[in-house]
1. Can you find a residue in the stretch 294-306 that is in contact with a strand residue (DSSP E or B) (Cβ under 9 Å, 6 or more places away or on another chain) and either exposed (fewer than 13 other Cβ atoms within 10 Å of the Cβ) or part of a strand (DSSP E or B) (or both)?
2. If you take the residues in the stretch 353-367 that are without any contact (Cβ under 8 Å) to a residue 24 or more places away in the chain and assigned to a helix (DSSP H, G or I), which one is nearest to the ligand (Cβ to nearest atom)?
3. How about the stretch 64-106: which of its residues are more than 17 Å from residue 35 (Cβ to Cβ) and within 20 Å of the chain's Cα centre (by Cα)?
4. Being touching a residue at least 12 places away in the same chain (Cβ under 8 Å), away from the ligand (no atom under 16 Å from the Cβ) and either out of contact with any helix residue (DSSP H, G or I) (no Cβ under 7 Å at 6 or more places or on another chain) or on the phi > 0 side of the Ramachandran plot (or both) is the requirement here; does residue 332 meet it?
5. Would you say residue 182 is in contact with a strand residue (DSSP E or B) (Cβ under 7 Å, 6 or more places away or on another chain), closer than 30 Å to residue 319 by Cβ, away from the ligand (no atom under 14 Å from the Cβ) and at pLDDT 95 or above?
6. Search the stretch 204-259 for residues being in contact with a helix residue (DSSP H, G or I) (Cβ under 8 Å, 6 or more places away or on another chain), touching a residue at least 60 places away in the same chain (Cβ under 8 Å) and part of a strand (DSSP E or B), and hand back the single one that is surrounded by the fewest Cβ atoms within 10 Å (Cβ to Cβ).
7. Which ones in the stretch 156-195 are in a helix (DSSP H, G or I) and more than 25 Å from residue 25 (Cβ to Cβ)?
Ligand SMILES: Cc1cc2nc3c(=O)[nH]c(=O)nc-3n(C[C@H](O)[C@H](O)[C@H](O)COP(=O)(O)OP(=O)(O)OC[C@H]3O[C@@H](n4cnc5c(N)ncnc54)[C@H](O)[C@@H]3O)c2cc1C
């Protein structure tokens, strides 16, 4: 572990910029800071609740690949000459020839995770602390009530005060309300698939349900064949069957970083239309290679007279209860209205992410007494709308602005450029608004 990266447990510190979440968004920001605002980078802290830098750890199946080009790494679309590119990572780690020989644009997810770790270890100014979970953020106000900083509280009770805050903690898992009352140890959301399945015995014949028709549900269904080979797996979905994503090179242009301006400036009705028509380029769909793979597996199951794995389409889970050692799912057939029961040990969810803002952000908005959570084109939370003006602090949200910045917001597609936009907005903010001490006792070293 480099000097820049540690599992520190220091309490009550002060930095100029705190970034929450060391995923691609904030790692991209860290690189942009080192390259565009080195003095700010020196006083930036990046924290993550995980003990290591990963990429979608719960779904890091050894065979899973990225769905976008490696050119959509943390820097290339912002600055193809940056030393933090995926290609330079391959070069520096002696893997360039092999990657070139694979003739692919879509690296394995585990390779991309390794790239993220390499970036984190290569940073020389931004400090990273792992194993640090943020549990709340409160605004710090000056004597006139204007916001002059942020007080971030971590799970161990320590606090970090900062003038700038960037949330990059991603969206929260979507647990369908009908399952909300089922004990968490019987429910496995895709975000924790790998960790949870590692705790189970691969030998046991579990009775399992997989829920959803997304790529994540498909990957779970495929992975269970290896991870719990003796299990009985029923895959439940509301749709008529699995479909491939509806993207084309034409609609893929709407994932360009340059499209964010057009989307942001569009009328509300146009934004709705774009999100509606683009929905099935990213959500509730499965990649064509995965569909082929799954179908071939099921074809061979049928050929071999095996029926431990099956799909049930056009079904709603209309009830769920725990009885003894099992979960009883009430299933309503959408075609006939017939209600049946399915008895399972575990329910795996490929049900995606909550579309509302994450809890941390909602609670912060509550403390700021905001009527609504709105961000500027440069991702800055609009905080001077609630009776107080003259804030000298700023907070940015990454990866949770699909409604205003378009469907690419939660993906890798725009994050290199977005990092620069946030970085430049902070630089301009610092120049425009005089530095103030975020703590009464000690200046923040702005
Ligand atoms: C299975 C899967 C596969 C995907 N594949 C692709 C793909 O191929 N291409 C693509 O463009 N997009 C893909 N995505 C979309 C994905 O959101 C982006 O690729 C990318 O991970 C977004 O980066 P991020 O940093 O915003 O969020 P994340 O990668 O989710 O990182 C958020 C980080 O914040 C940390 N964190 C969260 N809350 C806290 C807290 N309270 N305190 C401290 N740390 C916290 C988390 O531990 C995590 O490390 C995929 C998503 C999933 C779920």
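1. No.
2. Among those that are without any contact (Cβ under 8 Å) to a residue 24 or more places away in the chain and assigned to a helix (DSSP H, G or I), it is 362.
3. Matches in the stretch 64-106: 64, 65, 66, 67, 68, 69, 70, 71, 72, 106.
4. yes
5. yes
6. Looking at the filtered set, the residue picked out is 233.
7. 177, 178, 179, 184, 185, 186
The values are calculated or read from the model by the stated rules, or taken from the named source; none is laboratory data. In this text, all values refer to a predicted model and were calculated from it rather than measured experimentally. Please note: Cβ atoms are built from the backbone with ideal geometry, for glycine as well, and neighbour counts cover all protein chains shown.
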